[in-house]
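The values are calculated or read from the model by the stated rules, or taken from the named source; none is laboratory data. Just so we're clear, the structure is a prediction, and the values are computed from it rather than from any experiment. Note that we place each Cβ from the backbone using ideal geometry, even for glycine, and neighbour counts take in every protein chain shown.
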Amino acid sequence: MNEVTTDAEEFTGAIESTGTDENAVLVSGTDASATVRDAQVSRTSEDSDSGNTSSFYGNAAALLATDGTLYVKDSTITTNSGGGAGAFAYGDGTVYIANTSITTEKGTSGGIHAAGGGTLYAWNLDVATQGGSSAAIRSDRGGGTMVVDGGTYTTDGTGSPAIYSTADIAVHDAVLTANDSEATCIEGLNSIRLFDCDLSGNMPDDNEQNDVLWNVIVYQSMSGDAEDGNGTFEMVGGTLTAKQGGMFYTTNTQSTFILNGVDITYAENSDFFLRCTGNANGRGWGSSGANGADCTFTGIAQEMEGDVIWDRISNLDFYATQSSILTGAVTEDTTYSGGEGEGYCNLTIDETSQWVVTGDSTLTNLHCAGTITDADGNTVSVIGTDGTVYVEGTSQYTVTVDNYSEDVDLSGASEADSWDSYAVEQPAELT
């Protein structure tokens, strides 16, 4: 193992590491830095002695910075041991990595990884992982910051989304593909923000612990890996594809979703656009009957297809703004709530947007300054739970609400961010 604790060192050519739980290059000094340039980095050993130490601290990663700074450019990184991440930033360590390919073959082996507050910046990487629990862009306990610009990120293992977030992660102009997993996961008080990316997932239907299939999930697992709080998924531009199941699922947490002009492709077996409910606790996600979600969902100039599902142990505020179209039904599910609780579903449609109703719907408060019709253009009836007829339509479908208003308040809606707020220039060491 090459450990840099003081000053600066440069590594080129073949760099090999064969010791269990060691790193090919480790930067561990406050003022230390290492540059890996035009190198072929290889990690081959027995599997890591502990999956947690690999995930939380970077044991067995090919390249690791726990303090100081690590620069990587124009290189290849390969690992074939369990726990063997490609490039890892932990604690006070910072990694800058550009124009590099990373291949990991075993489980718990993310492509690029941050944990314990580490910081990682990446440009134009080609990342491929094959093992389980090996997200191409991965974070773990203690979180951190990851900013990724360009590149291709592909996973082929189960439980290996393209991005797994217990950190704050921003990605621009990248192709992100999970071939045997959901596309992304966010746990607790963390975020994924995507700008002009192509994201796709393919969640397998082979786990009895899963209540449903999803493509993007914001949740709290209760494992201790993520602090409780609001998880954010934001996507501006680009494409989003689900090859299995529903699109968005949130449970046992607070969550914010923002979609702005995303081109979405839905799975043939999709049974929801958004599901905001409790869960059966098969995975230990909260206490049954009290593990719903508190969600704000904002569509901005966004076409959205599929049902919105909610329950009485969850709170959902859904906004359709700036010429958005929601095509689907809004339905209450009683599977995990028993129909009990004080939860709600509020839907707000601004004057430029519309809801195309595809089935009888039930929600709490409906605020609509836009239009509500069925697919044939017929006006949909809006009826109060007390029998009040707010809108008498000609459609076969009825929307049942506690309250209806044509006054719209968008103060709770989210605004889209800009990539410029997250972009980082490559340091001189990489140019």
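Summary table
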{"item": "Only one of 326, 410, 347, 316 that is part of a loop (DSSP other than H, G, I, E, B), of a type outside the set (Asp, Glu) and under 22 Å from residue 261 (Cα atoms)", "result": "410"}
{"item": "In region 351-369, residue surrounded by the most Cβ atoms within 10 Å (Cβ to Cβ) [restricted to those that are of a type in the set (Val, Ile, Thr) and either in contact with a helix residue (DSSP H, G or I) (Cβ under 6 Å, 6 or more places away or on another chain) or over 15 Å from residue 395 (Cβ atoms) (or both)]", "result": "364"}
{"item": "From the options 81, 101, residue that is in contact with a strand residue (DSSP E or B) (Cβ under 7 Å, 6 or more places away or on another chain) and crowded, with 22+ Cβ neighbours inside 10 Å", "result": "81"}
{"item": "Residue in region 263-275 that is under 19 Å from residue 315 (Cα atoms), touching a residue at least 24 places away in the same chain (Cβ under 8 Å) and assigned to a strand (DSSP E or B) present", "result": "yes"}
{"item": "In region 215-231, the residues that are polar (S, T, N, Q) and more than 15 Å from residue 164 (Cβ to Cβ)", "result": "230"}
{"item": "Among the candidates 278, 245, residue that is over 19 Å from residue 303 (Cα atoms) and modelled with pLDDT of 95 or more", "result": "278"}
{"item": "The one condition in (1) part of a strand (DSSP E or B); (2) buried (at least 19 other Cβ atoms within 10 Å of the Cβ) that residue 42 fails to fulfil", "result": "(2)"}
{"item": "Selection count where residues are under 30 Å from residue 120 (Cα atoms) and not hydrophobic (A, V, I, L, M, F, W, C), scope region 375-431", "result": "12"}
{"item": "Residue within region 3-19 that is part of a strand (DSSP E or B), out of contact with any Ser or Thr (no Cβ under 8 Å at 6 or more places or on another chain) and crowded, with 17+ Cβ neighbours inside 10 Å present", "result": "no"}
{"item": "Matching entry among 48, 33 (being among the polar types (S, T, N, Q) and modelled with pLDDT of 95 or more)", "result": "33"}
{"item": "In region 400-425, the residues that are crowded, with 17+ Cβ neighbours inside 10 Å and within 23 Å of residue 97 (Cα to Cα)", "result": "419, 422"}
{"item": "Number of the condition not met by residue 152 [criteria: (1) farther than 22 Å from residue 214 by Cβ; (2) of a type in the set (Ser, Thr, Tyr); (3) under 14 Å from the mean Cα position of the chain (by Cα)]", "result": "(3)"}
{"item": "Checking residue 223 against (1) surrounded by fewer than 22 Cβ atoms within 10 Å (Cβ to Cβ); (2) at pLDDT 95 or above, the condition it does not meet", "result": "(2)"}
{"item": "Matching option when the condition is closer than 22 Å to residue 13 by Cβ, of a type outside the set (A, V, I, L, M) and touching a residue at least 24 places away in the same chain (Cβ under 8 Å), among 90, 121, 96", "result": "96"}
{"item": "The lone exception for residue 297 - which of (1) among the hydrophobic types (A, V, I, L, M, F, W, C); (2) outside any strand (DSSP E or B); (3) without any contact (Cβ under 8 Å) to a residue 60 or more places away in the chain it fails", "result": "(2)"}
{"item": "Qualifying positions in region 314-337 - under 12 Å from residue 277 (Cβ atoms) and either more than 23 Å from the chain's Cα centre (by Cα) or surrounded by fewer than 24 Cβ atoms within 10 Å (Cβ to Cβ) (or both)", "result": "315, 331, 332, 333, 334, 335, 336, 337"}
{"item": "Hits in region 142-158 (condition: surrounded by fewer than 19 Cβ atoms within 10 Å (Cβ to Cβ) and either more than 19 Å from residue 104 (Cα to Cα) or of a type in the set (D, E, K, R) (or both))", "result": "150, 156"}
